[in-house]
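Engineer: Got a structure for you, written out below as structure tokens; questions coming shortly.
What follows is calculated from the coordinates using simple rules that are stated; it is not laboratory data. Predicted model, so just to flag it, every value in this text is computed and none were measured. When we count neighbours, we look across all protein chains shown, and the Cβ atoms used for this are built from the backbone with ideal geometry, even at glycine.
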Amino acid sequence: MPWRCRRLVAGLLALACLVAATLVYAETRYALAVTAVKVDVQPIVAFDNRDPTRTRFGALEFRGGLVLTSYNNAFGGFSGLVVKPDGEHFVSVSDRGSWFRGRIVYRDGRPAAIADAELAPILDRSGEPLAKKGWFDSESLTESSDGAMYVGFERVQRIARFDFGRDGVAARGVPIPVPSDFKSLPYNRSLECLAAPGKDSRLGGSLIVITEHSLDSAGNFRSFILSLPSSDIRRDETEARRSAEREGESKTKVGRFAVKRIGDFDVSDCALDGRGRLFLLERSYSVMKGVGMRIRALSLADVKPGALLDGPVLIQADLGFQIDNMEGIGVHRNAAGETVLTLISDDNFSVLQRTLLLQFALAAE
């Protein structure tokens, strides 16, 4: 073999080893204990890189943003996002099995800092990090009306309930029954959107699941309505576990619907507001175009078995704007009565990407 070929092969092997080592290292990047973290911020004052005076984008008004950095090894990879009604406190999950919570500090109505930030391992029902058992790809997050958090785990295609309102980041996950067709979901493109309608909703006591890129025969996103098991009622964890096991997968009540796929966008998260709207965060990626972001507003009233959902596009952005791999969306109403959408990005623990927190308000509500 000519020396140039040998050198090329050696280089490719070295690169493959480096990539493999990076992947293994990344999979261990979860918090080992509850840890206070210092989050440094860099303000994003303009969303449009070409026109810093522009503030209106589709149906949304840009209210500000932050580039978030931290020296903590487990910081990054954030996917799901819940923003509390006060618009300050938030909870997120990383796709390596960590909780990330903190408080958004505002100045003149714009995000200015992150305070009281903590990272913590997402625990299984025995108190061990779920990442140790391979449940580290935590991609979706929602909060139910009783304060419980539900986390969706890709790769294993499971959902766990955490009594977060009672135990915070020390809450232990109890897997809920899921339908058997979850086993057919793509390995790494599945549980990206979870939403828990309020108890006064027609769908109260249910969990909405929209997949990232699991398509039906018509090319639309496979989606589910799961009836939460009786373990959703607050109770002793042992009883909750036995109840979930007793009900089992075969008895899971499930409705199936679809969300229309438009273009090359896939689902990356969703969030419900108190007005019957389901905000769907989507992203696209190609080598030629780079990353893209889009938000659609769907109607909760349309979520029913057999339905095909679609809704107006509120915003669409490419790399001409201050976006990255946007993977989390939360919603709250501010003191002025505006609906505010908060987005967070997943940097994939890469030095080439950023963790962004962006805020928009729905215009003319």
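Engineer: Taking the Cα centre of the range 31-362 as the origin and placing charges on Cβ (Lys, Arg +1; Asp, Glu -1), which of PRO111, GLY76, SER284 is farthest toward the positive end of the dipole?
Structural biologist: Most positive-ward Cα: SER284.
Engineer: How large is the dipole of the chain about the Cα centre if only Lys and Arg carry +1 and Asp and Glu carry -1, each at its Cβ, rounded to the nearest 20 debye?
Structural biologist: 580
Engineer: If you rank PHE47, PHE349 by fewest surrounding Cβ atoms within 10 Å, what's the result?
Structural biologist: Working: PHE47 25, PHE349 20.
Fewest-to-most ranking of PHE47, PHE349: PHE349, PHE47.
Engineer: Still on this structure, please answer the following. Starting with the fewest neighbours, write out ILE210, ILE323 ranked by other beta-carbon atoms found within 10 Å of each beta-carbon.
Structural biologist: Working: ILE210 26, ILE323 22.
Placing the least packed residue first, the sequence is ILE323, ILE210.
Engineer: If contacts are Cα pairs under 8 angstrom and at least 6 residues apart, what is the relative contact order of the chain in percent? Before the final figure, lay out each step's value.
Structural biologist: Numbers: 927 pairs, mean separation 59.8, N = 365.
The value is 16 percent.
Engineer: A follow-up question, please. Using a 7 Å offset from the Cα along the Cα-to-Cβ direction at both THR69 and VAL34, what is the distance between the two label points in nm, to one decimal?
Structural biologist: With each label point 7 Å from Cα toward Cβ, the separation is 3.0 nm.
Engineer: Filter the trypsin sites (Lys or Arg not before Pro) in the range 256-358 down to the DSSP loop ones having no more than 14 other Cβ atoms within 10 Å, then list what survives. Could you put the intermediate results ahead of the total?
Structural biologist: On the way: sites: ARG256, LYS260, ARG261, ARG275, ARG277, ARG283, LYS289, ARG294, ARG296, ARG333, ARG354; in loops: LYS260, ARG261, ARG275, LYS289, ARG354.
Here the trypsin sites (Lys or Arg not before Pro) that fit, given the DSSP loop and packing criteria, are LYS260, ARG275, LYS289.
Engineer: Rg and Dmax of the range 130-213, using alpha carbons, in Å: what are they?
Structural biologist: 12.7, 38
Engineer: Now a separate question. For the range 319-365, with equal point scatterers placed on the C-alpha atoms only and solvent neglected, what are the log10 I(q)/I(0) values from the Debye formula at q = 0.14, 0.27, 0.29 1/Å, to two decimals?
Structural biologist: Result of the Debye calculation: -0.41, -0.95, -1.02.
Engineer: Give the whole-number value, in cubic angstrom per residue, of the convex hull volume spanned by the C-alpha atoms of the range 31-362.
Structural biologist: On the way: hull volume 42.5 nm³, N = 332.
Output value, Cα hull per residue: 128 Å³.
Engineer: Can I ask one more? If the label point is 7 Å along Cα→Cβ of ALA297, which residues in the range 338-361 have backbone nitrogen under 16 Å from it?
Structural biologist: 338-342, 360-361
Engineer: Okay, moving on. Semi-axes, largest first, in whole Å: what does sqrt of 5 times each Cα gyration tensor eigenvalue give for the range 56-143? It would help to have the intermediate numbers written out before the result.
Structural biologist: Working: eigenvalues 151, 40, 30 Å².
Gyration-tensor ellipsoid for the range 56-143: 27, 14, 12 Å.
Engineer: For a quick check of your reading of the filter: which chymotrypsin sites (Phe, Trp or Tyr not before Pro) in the range 66-118 sit in a DSSP loop and have no more than 11 other Cβ atoms within 10 Å?
Structural biologist: When the chymotrypsin sites (Phe, Trp or Tyr not before Pro) of the range 66-118 are filtered for loop state and at most 11 Cβ neighbours within 10 Å, TYR71 remain.
Engineer: Just to be sure I understand the model, the point goes 7 Å from the Cα along the line to the Cβ. What's the resulting ALA363 to ARG189 distance in nm?
Structural biologist: 3.4
Engineer: Next question. How many percent of the alpha carbon pairs in the range 282-365 exceed a separation of 18 Å?
Structural biologist: That fraction is 52 percent.
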